[in-house]
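Visitor: Questions regarding the structure given below will be posed in turn.
FYI, it's all coordinate maths here, none of it is from the lab. As the structure is a computational prediction, the values presented were derived from the model and not from experiment. Positions of Cβ are backbone-derived with ideal geometry, glycine not excepted, and every protein chain shown enters the neighbour counts.
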Amino acid sequence: MSDTPARSPQRRAWRLVSRVARFAWRVLVTFLHNRGLLLAGGVGYNILLSIVPLFALLVVLLARVVDEQQLLTLLSIQARHLTPAHAEVLLDAVRSLLDSREAIGFLGLPVLLLFSSFAFRMLEDALAIIFHAPEAHVRRSAWVSVLMPYAFMLVLGAGLMALTLLVSLADGLNTLWMALLGRELPLAGLSDTALNLTSFAGVFLLFSAIYKVLPLVKVAPRRALAGGFVAALLWEGARLLLVYYFAHLSFVNAVYGSLATLIVVLLTLEVGALILLLGAQVIAELERNARLGLPWHLDSRHRAISRVD
């Protein structure tokens, strides 16, 4: 009896670990049952199709309001978060598209809009499979599905414009400070760190918005935010691992030759899509149990009876 209190915290910790392990296994099994790897490949491929016209479209439209070089600098940071190993390849493609903007003209803008929306449309279809909930009988208007990708683009453009204006304001203040006092602002050296943190925050908010808005079922805001934060953290860790792997360990160049860059970018985007969809699967399992009134760790499909702790 004397060592029972000592064993009690250990027993609770072991029970929690066991529940988390069973929940993780259930998420993985359901994810594979939903053809998650195939969905991640499709989402990654469509992101590759969308990312260059999306970035070019944002720069073309926002360059009328803010400085184009500032925009490209910020986009380089975003590109490093999306394709860390070969961000410059994407930026070169965006610059090439910008150099021919006169040839694109107004007739080309709808084409850029169409290609920019491919990733959002594929992602909506993938989340519809992962968040399937026949008991909810949820339907979405066709117009909502058509316009939603462009609403996301509008929000991305507004965020990018706000960030560009903020950076321009900081640069102007730093220039004025140097003219008056002959030295930079004390926080000027933290600009790169601040921009990277802001980029991480943007990825977190984008993931959270995707989890909240795109699924057909209703997702609680707290779960969307939690899922977005975990997915953003996982992507940050995966991004650093990918940078190290492709820089020191990869033999992709030897296998694919001139196609290596494209393969690396596609694999990177597919890993990001895999993390995004796995986060969605976690939220889907939690939401399903919540609708059925079951604890998070029980398998809702078997409707197991919780044991009293």
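Visitor: Once fully extended, how much extra length lies between residue 88 and residue 125, figured as 0.36 nm per residue of separation less the alpha-carbon to alpha-carbon distance?
Guide: Taking 0.36 nm per residue and subtracting the Cα distance, the gain is 10.3 nm.
Visitor: If we sort 252-261, 54-63 on the protection proxy, mean other Cβ atoms within 10 Å, highest first, what's the order?
Guide: Highest to lowest by the protection proxy: 54-63, 252-261.
Visitor: Sticking with this one: Apply the Karplus parameterisation 6.51 cos²θ - 1.76 cosθ + 1.60, with θ equal to phi minus 60°, to every residue of region 112-129 and state each ³J(HN,Hα) to the nearest whole Hz, in sequence, with x for glycine and proline.
Guide: Coupling constants for region 112-129: 4, 4, 5, 5, 5, 8, 4, 5, 5, 5, 5, 5, 4, 5, 5, 5, 5, 6 Hz.
Visitor: I'd like the distance separating the alpha-carbon centroids of region 246-272 and region 1-73, in whole Å.
Guide: Comparing the Cα centres of region 246-272 and region 1-73, I get a distance of 21 Å.
Visitor: Sticking with this structure for a sec: Which ³J(HN,Hα) values in Hz, rounded to whole numbers, follow from the phi angles of region 281-295 under the Karplus curve 6.51 cos²θ - 1.76 cosθ + 1.60, where θ = phi - 60° and Gly and Pro get x?
Guide: 5, 4, 5, 4, 5, 5, 5, 5, 5, 5, 5, 8, x, 10, x
Visitor: Here's another thing I want to ask about it. By average Cβ neighbour count within 10 Å, what is the ranking of 12-25, 202-215 from highest down?
Guide: Descending mean neighbour count gives 202-215, 12-25.
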